[in-house]
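For reference, the structure is listed below as structure tokens.
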Amino acid sequence: MNELAGKHIVLGLSGGVACYKAADLCRQLIKEGATVQVVMTEAAMQFITPVTMQALSGRPVHGSQWDAREPNNMPHINLSREADAILVAPCSADFVARLAQGRADELLSLLCLARPQERVPLLLAPAMNREMWAHPATQRNLAQVAQDGATVLAVGNGDQACGETGDGRMLEPEELLEEVIAFFTPKVLAGQKVLVTAGPTFEAIDPVRGITNHSSGKMGFAIARAAREAGAEVTLVAGPVHLATPRGVHRINVQSAQNMLEAVMQKAQRASVFIATAAVADWRPATQSEQKIKKDGSGQTPVLGFVENPDILATVAQSQHALVGDLFCVGFAAESHDLLAHATAKRQRKGVPLLVGNLGPATFGQDDNALLLVDAQGHRELPRASKRILAQQLVAEIAQRLPALQA
Ligand code: CTP
């Protein structure tokens, strides 16, 4: 999608087994439209060769401050001035210690020190053994570099190259890519607490059967990701879907509409924005059999009675928190026809300031969609695009409508 188009990233590698992941990271950054200049420490070159990194980045790798290729012989100045960000991945324990001390006796730490702090951010992706990670010296150094303005990304937890298991693995290339994209996203929802529902609900008939629908959850998950990238603290209440949780998003899995309502009501009190994308089942079986309903051989089919499920969006929109204006509620409407008329009526019926209409058959399970935004002022179309782009556009539209941000 070229989400990093126009960005120039200095990708620094310090010594660690995770250097092998930096090769893939380099590829992924370039695939998203960034240009990448690789800088490697001597230790990094023990783990992966500059040949690989040059081939992947399409640029000669820098590894020495005495490199005569630069006409002014100042690679630390030239490289750091060009960058939109410096990303050190992997960032070893030793490299963190060097940054904390402001050392400058090899090119990578030298250019980190020489960068113009106010316009060239420094992102660190630590990678080390769990004991090294947990050591007070490392934690002290990390706190110091964060205080000095670096962004320290999280570490993963799991099997380590040394055979031990724990914290300290470098994030995977795709996770780092998400972090870099998030880093560059304008923080239009900073300070907001966003609650999103997504996916279908599953209404059990008996322990092995139930009623559900074709909602994939993709739109809600894309919105949760975009809101987090825009700086919000995001909780995602998800029905049964097999989608990966967006980075940095708190996910609560639920099954039925009633489960979803309980989870939402618990979190809504603290939220400032509620976005209901879930395709909640309108009805559930009036009784849920404890045991599997069996055929009795008579040819008779079971008679199922239904009761209506609670309307989660309407319930939240009518809560005191929303009525006094502390919670901005956004509803979705999946319609099959007359989108504008139905969406307008539904906005009023649900009592929400913004309702997002879409055509059900054109969106369920798809990767793209088109949206119709309806509010008190009128309506506006967001033309067909990927759900990722629509989610980003919707987040911007919501941010514009938040009272606190308009002031
Ligand atoms: N919604 C909800 N709880 C329900 C039903 C719907 O929170 N029990 C929310 C959906 O998440 C969506 C909006 O209400 O944001 C509209 O959902 P939709 O299914 O289109 O509307 P319904 O209220 O079911 O209306 P109708 O069936 O008449 O189209």
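The values are calculated or read from the model by the stated rules, or taken from the named source; none is laboratory data. Just so it is clear, the structure is predicted and the values come from calculations on it, not from any experiment. In this analysis, Cβ positions are derived from the backbone assuming ideal geometry, glycine residues included, and neighbour counts consider all displayed protein chains. With ligands, DNA and RNA removed, areas are computed over all heavy atoms of the protein, side chains included. Shrake-Rupley method; radii C 1.70, N 1.55, O 1.52, S 1.80 Å.
Which pairs do you get when a residue that is under 19 Å from Asn129 (Cβ atoms), found in segment 144-161, comes within reach of a residue that is surrounded by fewer than 15 Cβ atoms within 10 Å (Cβ to Cβ) and of a type in the set (A, V, I, L, M), reach meaning Cβ atoms under 9 angstrom, with the pair 6+ apart or on two chains?
Val152/Ala143; Val152/Ala146
If we scan segment 79-96, do we find a residue that is at pLDDT below 95, part of a helix (DSSP H, G or I) and open to solvent by 20 Å² or more (accessible area, probe 1.4 Å)?
yes
Using the structure shown, decide if His342 is open to solvent by 10 Å² or more (accessible area, probe 1.4 Å), farther than 18 Å from Pro200 by Cα, within 16 Å of the ligand (Cβ to nearest atom) and at pLDDT below 95. So that I can check it myself, show each step before the final result.
Numbers: open to solvent by 10 Å² or more (accessible area, probe 1.4 Å): yes; farther than 18 Å from Pro200 by Cα: yes; within 16 Å of the ligand (Cβ to nearest atom): yes; at pLDDT below 95: no.
Considered against the rule, which asks whether it is open to solvent by 10 Å² or more (accessible area, probe 1.4 Å), farther than 18 Å from Pro200 by Cα, within 16 Å of the ligand (Cβ to nearest atom) and at pLDDT below 95, His342 comes out as no.
Restricting attention to segment 291-338, report how many residues are in contact with a helix residue (DSSP H, G or I) (Cβ under 7 Å, 6 or more places away or on another chain) and exposed (fewer than 12 other Cβ atoms within 10 Å of the Cβ).
2
Return only the number of the condition from (1) within 11 Å of the ligand (Cβ to nearest atom); (2) in contact with a helix residue (DSSP H, G or I) (Cβ under 6 Å, 6 or more places away or on another chain); (3) under 21 Å from Ala399 (Cβ atoms); (4) of a type outside the set (S, T, N, Q) that Arg347 does not satisfy.
(2)
Would you pick out the residues in segment 1-30 that are closer than 23 Å to Thr49 by Cβ and in a loop (DSSP other than H, G, I, E, B)?
Within segment 1-30, Ser14, Gly15, Gly16, Val17, Ala18 qualify.
Quick check on segment 101-120: of everything there that is hydrophobic (A, V, I, L, M, F, W, C) and not in a helix (DSSP H, G or I), which residue is nearest to Ala85 (Cα to Cα)?
Per the criteria, the residue is Val120.
What are the pairs with Cβ atoms under 8 angstrom where one residue, in segment 260-289, is free of Cβ contacts under 8 Å to residues at least 60 places away in the same chain and open to solvent by 70 Å² or more (accessible area, probe 1.4 Å) and the other, located anywhere, is near the ligand (Cβ under 8 Å from one of its atoms) and part of a loop (DSSP other than H, G, I, E, B)? Sequence gap at least six, or different chains.
Asp282/Asn309
Residues Arg169, Arg103: which one is of a type in the set (Lys, Arg) and within 23 Å of Val61 (Cβ to Cβ)?
Arg103
Just to be sure I understand, how many residues within segment 298-322 are closer than 20 Å to Ile205 by Cα and away from the ligand (no atom under 16 Å from the Cβ)?
Looking only at that region, the number is 7.
Would you check if there is a residue in segment 14-28 being among the β-branched types (Val, Ile, Thr) and farther than 19 Å from Leu122 by Cα?
yes
Would you list the strands (runs of 3 or more DSSP E) that sit entirely within segment 311-403 and hold 1 or more residues that are without any contact (Cβ under 8 Å) to a residue 40 or more places away in the chain and closer than 15 Å to Ala276 by Cβ?
Qualifying strands (runs of 3 or more DSSP E): 328-335, 354-359, 368-375.
Are any residues in segment 179-204 part of a strand (DSSP E or B), open to solvent by less than 20 Å² (accessible area, probe 1.4 Å) and of a type outside the set (D, E, K, R), and if so, which ones?
Initial filter on segment 179-204 (part of a strand (DSSP E or B)): 193-198, 200, 203-204.
Among the residues that remain, those that are also open to solvent by less than 20 Å² (accessible area, probe 1.4 Å) are: 194-198, 200, 203.
The answer is Val194, Leu195, Val196, Thr197, Ala198, Pro200.
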